Amino acid sequence: MDRSALNRWTLLGEKKADLLTLPEVERYGSENSGDADYVSLYGFRPAEWYARGVRIAGRTAVECTRDRLADLIGRDISAVAARTAAGAVPLAVDLFAGSGNTLFWIKRHLPRPPGDGLVVLFVAPSWGRALSEESGLDLRGTSPPVAQVMRFCSHALGARPMLFGVQLADQTEQDSLAEVTALLAWSALRMYDINAPGHRAGLLVGTTGWSPDA
C-alpha cells in the first residue's frame, strides 16, 4: 500500500477502476520511483505477472504493497511470531487484502504446520482522507478506524493470542498511534528506508494475550 504516490499520476485519477495495460503499469512505476518494475507482485516483475494473465486496476497499482515492502513486513511479523509459546500459526488474516500481496509474503515467512495457536492479523484499512501532507496518517480516520478493527478482532477471537501488524506512513499522527498502541500488551515500531524521506512506509507490530518478552 504505497499510498505516498496517491494523486501523483493523473492517469490513475481517470482509471482507478479500469484494468491497466503493461505499458501503463511500467509508466506508473517509472514516474513514481524511477523503476519500471516498481509494481512487482507475488515475486514477479510486471512483465512476468502480466504474461501470466494477471491484470490490475489503477487503484491497485497505487495501493498495493509491492514485493520489496511486503517481504520486509512479512519478515518482521514472522520474527515476532517465532517468539511465541502458543505453537504454530494456523491462521493469518488480512481483512483489507486488496491485491493480497502482503498476506502472500506474510504466509511465505510464517511457520506453516497447522494446529491451535497464534493468530496473525494484518490491519491496513483504506487510508483515504486519513492521510494528509500536513499531519501525516491519522489512524482514527481510516475506513474503518484501525482501533475499531482491532477491537472487533479481539471480540471475535476471544482469548486467543494475537499478533497484529498495522501499516504506518512515514509520519503518523501521534495521538492516533497512542490509541492503537494502548490496545496492545507489547508493541514495536519498524520503519523501512526503501522510499525517499517523507514517503517511507512503516509497521506497528504488537501482541494481545501474550508478550514476546515473557
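The values are calculated or read from the model by the stated rules, or taken from the named source; none is laboratory data. Remember, it's a predicted structure, so these values are computed and weren't measured experimentally. For neighbour counting, all protein chains shown are included, and Cβ atoms are generated from backbone atoms with ideal geometry for every residue, glycine included.
Check THR60, THR21 and return the single one that is within 25 Å of PHE164 (Cα to Cα), among the β-branched types (Val, Ile, Thr) and at pLDDT 85 or above.
Just one listed residue meets the conditions, THR60.
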Pairs please, first residue from the range 66-81 and over 13 Å from TYR42 (Cα atoms), second anywhere and of a type in the set (Gly, Ala, Ser) and at pLDDT 95 or above, Cβ atoms under 6 Å, 6+ apart in sequence or on different chains. ILE77/GLY165
Output for the range 31-55, where each listed residue is in a loop (DSSP other than H, G, I, E, B) and either under 14 Å from ALA97 (Cα atoms) or without any contact (Cβ under 8 Å) to a residue 12 or more places away in the chain (or both): GLY34, ASP35, ALA36, ASP37, TYR42, ARG45, ARG52, GLY53
Filter the range 111-162 down to the residues that are aromatic (Phe, Trp, Tyr) and touching a residue at least 40 places away in the same chain (Cβ under 8 Å), then identify the one that is surrounded by the fewest Cβ atoms within 10 Å (Cβ to Cβ). TRP127
